[in-house]
Structures are given as C-alpha cells and as structure tokens.
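First the structure, in the form of structure tokens, and then the observations on it.
The values are calculated or read from the model by the stated rules, or taken from the named source; none is laboratory data. From a predicted model like this one, the values you see are computed outputs, not experimental measurements. Note that we place each Cβ from the backbone using ideal geometry, even for glycine, and neighbour counts take in every protein chain shown. When the accessible area is computed, the model is the full protein with side chains, heavy atoms only, and any ligands, DNA or RNA have been set aside. Shrake-Rupley method; radii C 1.70, N 1.55, O 1.52, S 1.80 Å.
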Amino acid sequence: LTRRNYVKQMVSMRAAMGTRLWHDRGQATGRIIGRVRVPVEGEPGAIGLMERLARIEEFYEMTRHTHAGDRFLELCYEDHIESDPREGYRRVVDFLTLEPYEPAVRLRRLSTSTVRDRLENVDEVAEALRGTRYEWMLEA
C-alpha cells in the first residue's frame, strides 16, 4: 500500500503514534483526533521534513525496483482505499483470483479534516515545502 501524499501519510502516522488510535469503528469519524507537529529542518533529534519526504519516496521506488518483474499488486490509498475501501478489496480479490463477496466495511478514517487543520506548525511546514515538488501535498 502506497500513499501519493507523503505529508498526509506523515501527519496520519504521527497522530496514530501519539493517540495510539490506528482506526475507527464509527465513533470518531470526522472528529479532529489531534493536531500534530511535523519536524522541519534544523530541529534537534529529528529527521527534517524534506529528508523524511525523500526517504518515503525512495522507499516506494526501491520497493518497485526490487519487485520489478515479480507479480505483485500495488494499491494506492488515495486511489483504491480512501473513498471506497471496497475498491481495494476488489483489486486484491482479482489479483489473487479469489471468489468475491460483498465485504462489510467496519473501519473508518479517524479524521476528515485537512492536512492544514491537523498541523500545529502549518506555517513552518508550508515554508519548508514552498517551491518544492512536495508543495501540493499540503493543499490536497
């Protein structure tokens, strides 16, 4: 499973690690679970924002390269899960050539708020991303 928006991925991961809530069974959907701080360049003891984004991108590229020629299925959260998790399910079932059935979707997103709303240090992050290939990720 990949993410196209690495900034959203970082925010989601930091929120989940801070709250120990990784999914929702219906009680919290739409609520802001908490604002998180994403370290930017120069903060002691933390990998900077740009380095972390580059590492995420490199990991996905390395995984694709490592499995080039292998039969594997890549799902993208934004394309195959976010709006309708059954799309991801159908792709997995087709890939594995299994008999499909209609799954019950019990887990929901913890937050439907924007990345900007979920960041404590949105101005710092926006400044770090300005003019980079990642800038769009703050607005998506």
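What to note about this one:
- Surface per residue (accessible, 1.4 Å probe) for the range 44-140, Å²: 67
- Cα-based radius of gyration of the chain once divided by 2.2 N^0.38 Å, which approximates compact folds: 1.17
- Carbon + sulfur, % of accessible area of the chain - ligands and nucleic acids excluded, 1.4 Å: 52
- Check: the chain dipole with +1 on Lys, Arg Cβ and -1 on Asp, Glu Cβ, in debye: 540
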